[in-house]
1. Nearest 0.05, what FRET efficiency do R84 and D145 give at R0 = 22 Å with Cβ-Cβ as r?
2. For M152 paired with R122, estimate the spin-label separation in nm (one decimal), with each label point 7 Å from Cα along the Cα-to-Cβ line.
3. First obtain the Kirkwood hydrodynamic radius of the range 36-163 from its Cα pairs, then insert it into the Stokes-Einstein equation at 4 °C and 1.567 mPa s, and state the resulting D in µm² per second as a whole number.
4. I need the fraction of alpha carbon pairs in the range 73-119 separated by more than 13 Å, rounded to a whole percent.
5. Taking the Cα centre of the range 58-169 as the origin, how large is its charge dipole in debye, to the nearest 20, when only Lys and Arg (+1) and Asp and Glu (-1) carry charge on their Cβ atoms?
6. Return the distance in nm (one decimal) between the two label points of a simple spin-label model at D57 and A91, each offset 7 Å from Cα along Cα→Cβ.
7. Lys and Arg at +1, Asp and Glu at -1: add these up for the other residues within a Cβ distance under 13 Å of E93 and post the number.
8. Label 7 Å along Cα→Cβ of R162; the range 48-68 residues with amide nitrogen under 19 Å?
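None of the figures in this text is laboratory data; all of them are computed from the coordinates on show. Keep in mind it's a predicted model, so treat the numbers as computed, not measured. For neighbour counting, all protein chains shown are included, and Cβ atoms are generated from backbone atoms with ideal geometry for every residue, glycine included.
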Amino acid sequence: MRRRSCSWMMATRSRKPLKALAAAALVGGLLSGCAPDAPPGVDKDALDAAISRAIGDPNTCVVIAETGGRTLYRYNTATTCAKRYTSCDGAGEMTVGDLLDAVGKDGRPRYLSCPTLADRSRGVGWAAAPIPGKDQVYAAVMEGDRSFPGRMMADRLEAAFRRAKVSSE
């Protein structure tokens, strides 16, 4: 006697999910290869840990670049670092990359903070400055209900940079 089969009870396989997974892994690998690693002579894991302790948050981005040049390091994802927030100086919105470019051009530190919602329940802090003793600059943004003011972020980051041996001063 022939066995009855019910298609809804039998396991079926499709190779489509496997192909999609392989493609996603390939794209992820390519993108991670393009991500900046760390400034020369600096341990990326130590720098990540120092920044996490200092100002780590899901909505935090820190970027270190050569003065007027290429990006050397990024803390957090490209998506997080591309978010636009109010500039706190009346000039509309900006990204951490915009702030990095401005400091790279004129070398003037910037420390800003302001609310991002009308009820002041969330805020944004911006910090950017040249790195002492290096031909490098950094820019950072932190947004959320517990974001630090720009000057406090700068103090914490400068200590983190010393711990991770990014700067010597």
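1. Efficiency, from the Cβ-Cβ distance: 0.75.
2. The answer from the label model is 1.8 nm.
3. Details: Rh = 14.3 Å.
Roughly 91 µm²/s, to the nearest whole number.
4. Values: 687 of 1081 pairs.
For the range 73-119, the share of Cα pairs beyond 13 Å comes to 64 percent.
5. In debye, rounded to 20, the range 58-169 gives about 300.
6. It works out to 2.2 nm between the two label points.
7. Neighbour charge sum, excluding E93 itself: -1.
8. The answer is 48-56.
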